[in-house]
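Worksheet: the structure to be examined is printed underneath.
Quick note: the coordinates plus some simple rules give every number you see, no bench work behind them. Quick caveat, the model's predicted, so the values are computed rather than measured. Cβ placement follows ideal geometry from the backbone for every residue including glycine, while neighbour counts extend to all protein chains displayed.
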Amino acid sequence: DQKGAMMLVCLASMNEAYALSGQLDHYWHSAAASYGELRRKSFLAGRALLQLLLRLDDPFCSLPFISSDIHGKPVFKDFPNLHFNISHSGGLIAISLGSFENGIDIERLRVRLHMDALIQRVLSQEERNYLLAQNISNEEFIQKFYMLWTLRECLLKTSGRGLGGLDDIKINLEQACVNCPGVSRGQTWSIRTNKLSNLLVLPDINNCYMSIYIPEKENVNFCVLNKSALIKPIELEPEFVFSVHA
């Protein structure tokens, strides 16, 4: 009965997730052998954490083969009804795993080069006007920008459309709803990772915003990786919740 299907969301430090990579089959280490150090580490960390989540149901599970769909989105070739998403930034890595299409995105909170141009590219004119009318500080404006950016990214990753679909996402901040072609009804949750710092051992980890798309038919359990063990379930209290419509 997929009506009560469960979705897992996991957050970990990159170092802790990478420490699990010795449990991966040699295939994955060979696949990453030609990568630079940072890419190899994030590649193996993501797959090691994903394997750990799958082992919640089967302790002896080896990570299934991952291929790409027609849009280039990573999928389990032999398990088409099992969907996952991986994102990493600021020394953190996040994974969503469920029986319906889902999405997750995490971005380090920081002022970037050409920040004004990036804001204009990502946010609509209506969103910029709305935020400016709130008379908020520059710091809070940047935080809300990252919330909206990760919200868009998690939906784009769900739909598989990539950045080409950015302009088709319509967000109504006042009503807390978003229309995104190719994505079914559900919710997005957004939270700053420093609000979860008491659950994680995260020395020198930068604060990030994390947004998750949760399909209407799935319940969600949120867990964290701490000292090579999964702590679950954690009660997640999102800062922003948006309803999603196709």
At 1.002 mPa s and 20 °C, Stokes D of the stretch 82-220 from Kirkwood alpha-carbon radius, µm² per second:
137
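Pairwise over distinct Cα atoms, reciprocal of the mean inverse distance: report the Kirkwood radius of the stretch 47-91 in Å, one decimal place.
Across the stretch 47-91, the inverse of the average 1/r is 11.7 Å.
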Assigned charges on the beta-carbon of Lys, Arg, Asp, Glu; the chain dipole about Cα centre (debye):
420
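Order 16-23, 122-129 from most to least packed using the mean count of other Cβ atoms within 10 Å. Don't skip to the end; give the middle numbers.
Values: 16-23: 18.2, 122-129: 14.8.
Highest-to-lowest ranking by the protection proxy: 16-23, 122-129.
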Per residue, how big is the convex hull of the stretch 1-134 when only Cα atoms are used? Give it in Å³.
177
Checking rank on 234-240, 208-214, 184-190, with mean other Cβ inside 10 Å and highest first, the result is 208-214, 184-190, 234-240
Normalised by the residues of the stretch 91-246, what does the relative contact order come to in percent, with Cα pairs under 8 Å and at least six apart?
30
Over the stretch 62-149, what number does the Rg to Rh ratio reach, with both radii from the alpha-carbon atoms and Rh per Kirkwood?
1.11
Identify, among LEU132, GLN51, VAL9, the residue whose Cα sits farthest towards the positive end of the charge dipole of the chain, taking +1 on the Cβ of Lys and Arg and -1 on the Cβ of Asp and Glu, with the dipole about the Cα centre.
GLN51
Which semi-axis lengths, in whole Å and largest first, follow from the square roots of five times the eigenvalues of the Cα gyration tensor of the chain?
29, 21, 18
Straight-line reach only, C-alpha to C-alpha below 18 angstrom: list the lysines that LYS157 could link to, leaving out same-chain residues fewer than 8 apart.
LYS73, LYS77, LYS170
